[in-house]
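Report on the following structure.
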Amino acid sequence: MSAARAPKPVPELTGPVEDYLKAIYELERASEPAETNAIARMLEIAPASVSGMVRRLAAQGLITHERYRGARLTAAGRRAALRTLRRHRVIEAYLTSALGYSWDRVHDEAERLEHAASDELIDRMAAAIGEPATDPHGAPIPTRDGTLEERSLVPLAALESGETARVERVSDRDAGRLRYLAELGIVPGATVQITAREPFDGPIAIRVQNSSRTIGSALASQILVAPSSTKRPRLTR
């Protein structure tokens, strides 16, 4: 009987390649087709620049690509994407926990550092701050062996009036939005109750940290929560 094969090591990749794989992973996680325009929007580059890289990634066996259906990560591509996500999220956690950075400043720093940091350095950073399970914005941190458990959450905007939920995750991409959410007390771990909502995507009244606030439905859709009620079906976001 042959011995079980160990997982293939992730090859060293360039920063742009890692950015593409990370973007495709995020699109797949949101159940969106990783089409050229979607990748271009996420990376803030011209769509014409995406096509050539997609062909290159497919030739390297990191993605599969079908016309009109977009790109999908292969097993090797997923391992590489998760390794980059681990670097990014551990760096964010380290900057806030060990160096006192505010949560609205760490994304850009992590974007710069994630491609240069070695896996050993990332492991030492994680160990130094107690092996955090999530980054400062609530996103789960992949393990050293490349596994990641994505929780099933719903947008705050999906809750009905009277429902209560725990804030679990917010996007780290907009520093101004993060500062605003911090001012409102809407951070991972906070309990939020919907007290009223206007129809047709109107404003939503909430109660958080014993204060009454009003936010727009667009902002509420960017805040992922775990409802207190177990009756509601949850979406993976």
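A short reminder: the numbers here are calculations on the coordinates, not readings from a lab. Fair warning: this is a prediction, and the values are worked out from it, not measured in the lab. When we count neighbours, we look across all protein chains shown, and the Cβ atoms used for this are built from the backbone with ideal geometry, even at glycine.
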Arranged from highest to lowest average of other beta-carbon atoms within 10 Å per residue, in what order do the peptides 78-90, 16-28, 44-56 appear?
78-90, 16-28, 44-56
Along the charge dipole of segment 8-150, pointing to its positive end and built from +1/-1 on Cβ of Lys, Arg, Asp and Glu, which listed residue (A59, A127, Y94) has its Cα farthest out?
A59
Net charge dipole size for segment 8-150 [Lys, Arg +1 and Asp, Glu -1 on Cβ; Debye, nearest 20]:
560
Only Lys, Arg (+1) and Asp, Glu (-1) charged, at Cβ; segment 110-237 dipole about Cα centre in debye
580
Given 169-175, 119-125, the highest-first ranking by average Cβ count within 10 Å works out to 169-175, 119-125
Can you check how the C-alpha radius of gyration of segment 152-236 compares to 2.2 N^0.38 Å, as a plain ratio?
0.98
For a paramagnetic label modelled at 7 Å from the Cα of S228 toward its Cβ, which residues of segment 155-184 fall within the zone defined by backbone nitrogen distances under 17 Å?
156-168
Along each principal axis of its Cα atoms, how long is the chain end to end? Whole angstroms, biggest number first, please.
58, 45, 43
Residue separation times 0.36 nm, minus the C-alpha to C-alpha distance between A75 and T147: what's the value?
24.7 nm
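Assuming 0.36 nm per residue, please report the length gained on full extension of the stretch H115 to A205 beyond their Cα-Cα distance.
Working: separation 90, 0.36 × 90 = 32.40 nm, distance 4.12 nm.
Full extension of this stretch gives 28.3 nm more.
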